[in-house]
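Everything on this sheet refers to the single structure shown next.
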Amino acid sequence: MFLEQSIMDLKGVGEQTIKKFNKLGLFTIQDLIEHYPKEYEDRRKITKIQETVMDEENNIIATVASRPEVMKKGYKVIVKFRIKDDTGSIYVVFYGQPYMKNNFIVGETYNFYGKIRRQYGCIEMESPEYEKVDNGITQKANKIIPIYPATQKLSQKVIRQLIEQALSLALPEVEDVLPAYIKELYKLKSKSFALTHIHFPKDDEAFFEARKRLVFEELFLLQLSLFVLKSEFLSRSKGISKKVPESFKAFVEYLPFEFTGAQKRVMKEIVKDLKSDYAGNRLVQGDVGSGKTVIAAASLFIVIKNNQQGALMAPTEVLAKQHYEFLQQVFEPFNIKMALLTGSTTAKEKREILAKLKSQELDLVVGTHALIEDNVEMPALGLVITDEQHRFGVRQRLKLSEKGQTPDVIVMTATPIPRTLALILYGDMDISIIDELPPGRQPIKTNAVDSSYHARIYQFMDKHIREGRQCYVICPMVEENEKQADLKSVTEYTAYLKEQVFPHFNIGLLHGKMKPKEKNAVMEAFASGQVHILVSTTVVEVGVNVPNATVMVIENAERFGLAQLHQLRGRVGRGKHQSYCVLVSDSKNKVTKKRLKIMEESTDGFVIADTDLKLRGPGDFFGTKQHGLPEMKIANLYTDAKVLKEVQKAAKSLLEQDKDLSLPEHQGLKVKLLQTIEGEQMHTAL
Ligand SMILES: Nc1ncnc2c1ncn2[C@@H]1O[C@H](COP(=O)(O)OP(=O)(O)OP(=O)(O)O)[C@@H](O)[C@H]1O
C-alpha cells in the first residue's frame, strides 16, 4: 500500500528531512496527507502599493524599478531595491542575504508577499516571499496557501511541496470509509475532494465542504468507538453488591478531618453504586485539592471489608507512592493488607506480591501501569480506581476491570470538562462532582510579574522558608520531548539558586529525565521538609500533595496552558497556611497578558477553563495530551458541537442497523474503527 510507505519514498527527501518530519510525528505518506494546515494565508487579493497596510502582511505584484544594491546597515549586510506598480513605489529589503542581489532583474514583474514597515521615513517590505510572474501567471498569488504545524528547521515550502506530491500520488488509493448513504444524508463530499481542498482550497466554499467532511469522519469514528467500547462495558455490567460494613463508621471517625458536604454527597453516590448488583462506572470530578484521595480510600475500605480486593492505579510512581502512604496511614488500625507495585519494585518483591494477590492474602494493591500486566491476578477484585484517568487508555482500564469479578470502576479527574462535553465523552459513566474545597483553605494569592522582580521573589521565598514553609520553582519543559537546551537551563538554574541565591537552604531538582528511584528520593525529601525548595519541570503537575509548601513560582509562565498553570498552582494552598503563586513572564503579547490576568483573578478551574476558551479557543486550552480530551486531528470538540450532534445520530442509527458492522458497506469503517480503538487517539479518550 502506497499510503503505508515511508515519506522517504517521495522525490527529494533526504535523511535530514526525514528526521525533521519524524520529529513532527510524521512517518508515512498517510501521516503526511493527514497533516492538516493549522491556518491559511489568503493570497487571492492583490493589493495596490498605494493601498498597502502598514505593519501587516501585504500581497503585491510589482516591477523591479532599481538595481538591487548591497549595503551595510550597522553590522548587517542588506540588499535593497525599489519596486513599483501603477499606483506607487516602495523598497524591498533583505537582511543578511547578500546573494539576493542576483535574484531580481530590473524591469521584470514579481509577486511579493511580506510585512510592510516604515523605516527612517522609507516604506519597506521586509524579506518578503517572492515569485516571478510569467505572462501574468504565478504559483501562489491568487491562491489560498496552507500553513502547517512545523518545527523551526522545517520550512513551510518543503512541507507544502511534499504534501502536494504525496496527494497527487496517493489520492487514487485513499479509501472512503463513510458509507454512501451517510454521505448523501448529511451532504458530505468524497474523501479525496476533502483531502485535496483541505490542503489546497480552491475557494472558501471548497474549504468549508472539505473541513466539514473531515470533521464529520473524525468525530464519527470517535463516537462509534465510544459506543462500541461502552457496549463492551455494559455487557459485563452485572456485578456483586456490597454492604457498608459496621466498621465504616469507625473508619470515618479515624480520619484526621471531617468530610466536606460535597465529599459526603459523592460518597453517597458511590455507596449506591457499590450496593447495587450492577457494576458501577463513575467519574469523580473535583478541582485541584478538593479531596479526591480520601473518597478513593473510603470506597476501597467498603469493598475490602466485603472480603473483596481493591486496586488503585496512578499515572506516576511518585503519585502511586503518595497514595500508598496516605492509605497506609488511614487504614492503619483496620487490618488491611496492602502492597505497592510499580516499575521500581524488585523482581523478588513483585513475585511475592503477585502470589499474595492471587491467593487473596493481600486486600489492596496501589500502583502504576504495572498493575495491568497479565500476570497480575486478583480473583476477588471488586473495585478499580484510576487516578487522572486520561493518562490511561480505555483498553488499559478495560484490561484491569477484566480481572476479578466485574469490579466497580471509579475514575478520578481534576480536568474541568464542561458538562455538555462530559456527557458526550463519558456518556456511559455516572458523574459525581466535588464542588467544594475543605474548610480553612484560603484562596491562593496570585501575581503575574516580569523577570525584573526576581530579587523580590527570592526575598519572599526566603521569608517563607524561614517561617518553616517550603517553595516550588517550576521551569517549563515538556515532559515527553524534553529538549536538551531546556534540561540544561533547569539544571543550571538550580545550580544558580543553590550557589548564588539560597546557599543556606536545601534545594532539590526534579525532572522527567530522572530515574523513578531518584524522583521518589527527591519527592520524599521534599515531603518530609528536608528540602526547602523544589525546582521542577511539569512532572510535579498532577496530584502531588505537600501541604506545607506555600509558594509556587512559575518561570516563563507564558509557555504553559492555563489548565496546566491551574494544576501547577494547585500544588500549593493545600493546607491551612496562606499560599502564593508568582507567574513570571516577560511576554509583551496582549493575549498572554490577559491569560495571566485570569490566573490572578480566579482560582476556580471551571471559570479559568471557560474564560480561556473565550480568549483563545479550545485548541490551546486542551492543547496538550495531558488534559484529558481525545486529541483530534481536525475537529474541535467545542466549536464543532453541532456536527457532533449529527454524528451521534448517525452513529446510533448505524449501530442499530448493523451492530457488528458486518454489512459489506461498513467493512472499510470497521477496519478504521478497530484502528481507532487500538490507536493512540483512543488512549486519551474517556
Ligand atoms: N474534608 C477535608 N477536610 C480537611 N482536609 C481535607 C479534606 N479532604 C481532603 N483534605 C486534605 O486536602 C488535601 C488535598 O486532598 P487530595 O490530595 O485528596 O486532593 P485531590 O482532590 O486529589 O487534588 P489534586 O487533584 O490536586 O491532586 C490533602 O492534604 C487532604 O488530606
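Centroid-to-centroid, using Cα positions, region 1-51 and region 284-306 are 48 Å apart.
A Förster radius of 30 Å combined with the Cβ-Cβ distance from Glu175 to Gln657 puts the calculated FRET efficiency at roughly 0.90. Size descriptors for region 445-602: radius of gyration and Dmax over Cα atoms are 14.5, 42 Å. If the chain linking Phe606 and Val106 were pulled fully straight, counting 0.36 nm for each residue of separation and taking away their Cα-Cα distance, it would gain 174.0 nm. For Glu269 and Val13, the difference between the fully extended length at 0.36 nm per residue and the C-alpha to C-alpha distance is 86.3 nm. Distance distribution P(r), region 201-305, all Cα-Cα pairs, bin width 10 angstrom from 0: 12, 29, 22, 15, 11, 8, 3, 0 percent.
With the simple spin-label model, which puts each label point 7 Å out from Cα in the Cβ direction, the Ile431 to Ile147 separation comes to 3.4 nm. With runs of 4+ DSSP H residues as the only contributors, calculate the mean residue ellipticity of the chain at 222 nm using -39,500 (n - 2.57) per run, divided by the residue total and rounded to the nearest 500. For the chain, the value works out to -11500 deg cm²/dmol.
Taking a point 7 Å from the Cα of Arg67 along the Cα-to-Cβ direction, the residues of region 103-132 with backbone N closer than 17 Å to it are 103-108.
Note on Glu51/Tyr99: beta-carbon distance plugged into 1/(1 + (r/R0)^6) with R0 of 30 Å gives a FRET efficiency of 0.45. Accessible area per residue for the chain, computed on protein heavy atoms with a 1.4 Å probe, is 47 Å².
Placing dummy labels 7 Å off each Cα toward the beta-carbon, the span from Gln667 to Lys115 is 5.5 nm. Residues of region 578-606 falling in the label zone of Ser452, defined by backbone nitrogen less than 15 Å from a point 7 Å along Cα to beta-carbon, are 585-588. The portion of the accessible surface of the chain made up by carbon and sulfur, rounded to a whole percent, is 51 (1.4 Å probe; DNA, RNA and ligands excluded). List the residue ranges in the chain for DSSP H helices whose C-alpha atoms run 30 angstrom or more along the long axis and whose Kyte-Doolittle average is -1.0 or above. Both cut-offs are met by 204-235. Of the Cα atoms belonging to the chain, the radius of gyration and Dmax stand at 29.2, 95 Å. Taking only the C-alpha atoms of region 45-142, the Rg (one decimal) and the largest Cα-Cα distance, Dmax (whole number), read 12.6, 39 Å. Note on Glu492 and Phe326: their simple-model spin labels are 3.8 nm apart, each label 7 Å out from Cα toward Cβ.
Estimated from the Cβ-Cβ distance and a Förster radius of 60 angstrom, the FRET efficiency linking Ser192 and Tyr254 is about 0.35.
The values are calculated or read from the model by the stated rules, or taken from the named source; none is laboratory data. Small disclaimer: the values here were computed from a predicted structure and weren't measured. Heads up, the Cβs are rebuilt from the backbone with ideal geometry, glycines too, and the neighbour counts pull from every protein chain shown. Just the protein is used for accessible areas: all its heavy atoms, side chains included, with ligands, DNA and RNA removed. Shrake-Rupley method; radii C 1.70, N 1.55, O 1.52, S 1.80 Å.
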